[in-house]
1. Collect the residues in region 421-452 that are buried (at least 16 other Cβ atoms within 10 Å of the Cβ), in a strand (DSSP E or B) and either among the hydroxyl-bearing types (Ser, Thr, Tyr) or at positive phi (or both), keeping them in residue-number order.
2. In the set Phe609, Phe600, which member is within 30 Å of Gly531 (Cβ to Cβ), part of a strand (DSSP E or B) and of a type outside the set (Gly, Ala, Ser)?
3. Just one of (1) under 30 Å from Lys128 (Cβ atoms); (2) crowded, with 20+ Cβ neighbours inside 10 Å trips up Gly916, so point out which.
4. For Arg173, work out the one condition from (1) within 28 Å of Ala774 (Cβ to Cβ); (2) in contact with an Asp or Glu (Cβ under 6 Å, 6 or more places away or on another chain) it doesn't fulfil.
5. Yes or no: region 576-598 includes at least one residue that is surrounded by fewer than 20 Cβ atoms within 10 Å (Cβ to Cβ) and under 30 Å from Val185 (Cα atoms).
6. Could you tell me which residue of region 79-99 is nearest to Leu63 (Cα to Cα), considering only residues that are hydrophobic (A, V, I, L, M, F, W, C) and in a strand (DSSP E or B)?
7. Looking only at region 668-692, filter to residues that are charged (D, E, K, R) and touching an Asp or Glu at 6+ places or on another chain (Cβ under 8 Å); which one of those is surrounded by the fewest Cβ atoms within 10 Å (Cβ to Cβ)?
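The values are calculated or read from the model by the stated rules, or taken from the named source; none is laboratory data. Please read these numbers as outputs of a predicted model, since none were measured by experiment. Note that each Cβ is placed from the backbone with ideal geometry, even for glycine, and that neighbours are counted across all protein chains shown.
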Amino acid sequence: MRHFLLIIASVCWFSLGSLYAQDRTVSGTVTDSKTGEGLPGVNVLVVGTSNGATTDFDGKYKLSVSGDVSLKFSYIGYKPQTIEVGSRSVIDVKLQEDVEQLSEVVVVGYGQVEAKDATGAVERVTSKEFNGGVIASPEQLIQGKSAGVQITSASGEPGAGVNIRIRGSSSVRNGNNPLFVVDGVPLAGNDVTAGGPDGGLGTSSPRNPLNFLNPNDIESMDILKDASATAIYGARGANGVVLITTKSGKGLGKTLSYNASVSVAAPANKYDLLNREQYLQGVEEFGGDTQVLTFQNADTDWQDEIFRTAISNKHDIAYGDSYETGNYRASIGYEKQNGIVENASLERFNARLNWNQRLLNDKLNLNTSANVSRVNDSFAPITNNAGFQGDLLGAAIIAPPTIDPNANDTLSTGYLKPNRLLEYNQDLAETNRALINFSADYDITDELNFKINAGIDYSTSTRNTATSRELIIDTRGITGNGRASSVDISNNNQLFEALLNYNAKVGEGNLDLLGGYSYQSFLYLGTSLSGFGYNTDDLDQMVDQTIQAGNTVRGAINGDYQQFGYNPENGTFFTNQFGDAPSLGNPGSIPVDAIVEDNFGNFNELQSFFARANYNLMDKYLFTATVRADGSTRFGGDNKYGIFPSAAFAWRISDEDFASDAFDNLKLRLGYGVTGNQEIPHNLHTRRDSYDDIDINSNDGSIVQPGTSPVAFENPGLRWEQTSQYNAGLDFGFINNRLTGSVDYYYKNTEDLLIQIFSPQPAATDFFWTNLDANVINQGFELMMDYVAIDNGDLTWNVGFNVSRNDNKVINLGAFFFNTGNVYGPGLSGAFAQQIANNQPLFAYYMPIADGFDEEGINNVISDGDVLTGQFPIPVWNFGINTTFTYKNFDAALYLNGQGGHHIYNNTANAFFNAGSLGSGRNVTTNVLESGEDPGNTPIVSTNYLEKANFLRVQNLSIGYNFGLEESSFIKTMRISANAQNLFVFTNYSGIDPEVSNTAARNGIPSFGIDYTPFPRPRTLTLGLNVTF
């Protein structure tokens, strides 16, 4: 029996050994150990042989092996791994990043390159580096993360507009924000919601057009800074380009993720206003009648009446999978962000699908990216240019603390009660937007690829406002009548592109050629409907009655029209239309006393041809040349097309034999390019007239039929603004690339400044548009450094910073100057504080120089009238500091940002915080009591209200814990986190916040740095949960 068992065992062993020695297939997926995403292009090699394979687009591999072998997995930027195969047929591998050889891929226009091969000034910020907490729009994710990129939110309002300046402001009249490209689709950049109409409190700004994107769907943002990188976008590249790439399903492997957060926010700062006792004492001291002003036995802090502790929440669910020939990721998201001011909020619904499919043996690659969103905005009645009674914030500042918020409003106080303004005003917007992109590329040969790309960006928005007749306010005839409006806006932007790419080895290097054609159209349409005189106090009914009245009147008009006005009480009914007038019927009765409508819109096209050549010689000498020809309907026949070339060279010095071993990376970059700016009003090259604004008289509801005014005159020679830019940069790495960084110097010159000139009268035309033979210069440097201080497995600590300096100046302007920077408030009608002038930075402050008040308490003006003060609002210095720390499953991150070298004009203090205000019974801040100002002093624009705005902000602090879970667990990963935003601001500025961007344009000339009753920034605490299944 024993011999029989030995024979059987021998046969089995021999059979197993024979089977083991035969070829068999081993497969698996190689992923990033941190993100779980599949890694394409990983080399998988059987140790000791030439047998190997490369992972596909989703990180999957398959190869045949025989015998007892080991597999080595290697990939640039990751630590290699060697694994014994044994008897396994499936081996999944997680590769860890290796800071000693890390080389990330950056996205550039119409392609991507490894960072080590980039010739231009390009910087990538990934989702791992994004700012955390309550984020409404993509720009906030990268604030302070990149040198030379200044990002300023207009206010603390949920979804507020954001100003981005990459290497300074280059244009006087045109837009200065960069071009945003989402998954290959360039966005138009115009507003997709309407601004708030003047319902008696001034006008307000629309929300950020990028709010439709869910920040949790974004994988990375690549910032193209210099002209050699942006010239491929030609007419839209002068202000830089930001490329947004959304998350795909690559390497996910049937993964379901759920992210949730809840946030609590409160005002980070408030004005130090007088309480009841201080107020009554101050009024008496400054000559007021306290008997008249002691309205009720109250001590009200009106800021507390309009501010609140805001609770917000966010939920995101995503499911993704990668399979042998493709991958997909689908996500839905919901967010409700409540503002710290009552009535202000943003609610967003998102759905996104990214899908990739490879066919025909991977020769044909299909990509679809689709994002649909609904954003519901609720606005507090805070405006840009409120009058003497103020908007909500202005009213909360000046309202006497002696007034009881709950007292009968029939009491004639002469003040706008903030709580009643909240109760009797409603301002809501609904915006639907779809961004859909489809691309297909086919490998004609191993070297030649053809691609088509098509996209559509379609949005509709309605903004409805209503102010009840019950509100006691001395403006626009609101009290006793009421006003309401409904504004509809639609955008339909379409894109088609065709690209041919050739990549082959030529000589001792690699040649990459790209040629392409692009066509994009932009259709913008809108309708504004306004009503006056309502028989209801219900704000929703007021809006419904406005829309009903508009529909009734439209039904009585047979034909096209631009405007109509109808008041049945006095028999007014008219339309305005260029060309044949429509026939008019009888609308009959309508539910409002008067109704007017205005229609507007424009259509523009951009056609482009572009080419790029990259040549990599010996992996050390890198050459790039691009050219783009853009034709735009915004310009006349003589200059419809613009040509925008660029060239760049990079030298990997560290790869030379003579290079010191101290350098792990040392690369010199040189670049030059010309880009354009086409962000000008529609069709300024043809004689055009337009009807004037239509409105309803505040006294009796009557309507005056508007006449016409010229918008533009014949000017076929109108040219593009062009910006030429030189860039020199050095990328470096030391200590096994634990210390890395870059330094750049740039010089930008913008010429042919497009501007509107008003003609001295009498003249043939009131104004004309022209290209000034002047220049805007921006020059400066950028420095970025990152240091891996500790990396010993369980413990890591990284420190990084960026700093940039930019000097801005207008030259060759001659005798021309342009006033801007409107200043608002009681006694300040028509005032301004800034000027575009020769040899000065943009928006230089222009006003009398004052040194407080003289012995009589009167403005101590020491200059001879208005002068250029030598101060300006554009920051000279921008900097950011970040540090991250991990210990086992714990992690923490701290981020600070700051600006310096600039000034802010405190319009709020100029308008409200003066002795005259207190003497007439309006509340003020405590410092007015000791200012030495006489109550009879006249408020003027002066340097008394011009303040240094240097600041350092502790912007973001986060801590997190990643639970260690068994591999067999149903839950793959789970993380909890806490995040604090806007913890502290170190500044000497006396206003609410030194980071302001209020709209104060004058005659179409924009401004910057005027601080007037801004929506306060919140301090926010967020708790988060992230789970994957």
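1. Across region 421-452, the qualifying residues are Thr431, Ser439.
2. After applying the criteria, what remains is Phe600.
3. (1)
4. So Arg173 meets the others, but not (2).
5. No: region 576-598 contains no residue that is surrounded by fewer than 20 Cβ atoms within 10 Å (Cβ to Cβ) and under 30 Å from Val185 (Cα atoms).
6. The qualifying residue nearest to Leu63 (Cα to Cα) is Val90.
7. Going through the qualifying residues, I end up with Arg687.
One line per residue, one yes/no per condition, for (1) at pLDDT 95 or above; (2) in a helix (DSSP H, G or I); (3) touching a helix residue (DSSP H, G or I) at 6+ places or on another chain (Cβ under 8 Å); (4) surrounded by 20 or more Cβ atoms within 10 Å (Cβ to Cβ):
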{"residue": "Glu497", "(1), (2), (3), (4)": "yes, no, no, yes"}
{"residue": "Ser518", "(1), (2), (3), (4)": "yes, no, no, yes"}
{"residue": "Ser521", "(1), (2), (3), (4)": "yes, no, no, no"}
{"residue": "Gly531", "(1), (2), (3), (4)": "yes, no, yes, yes"}
{"residue": "Val543", "(1), (2), (3), (4)": "yes, yes, no, yes"}
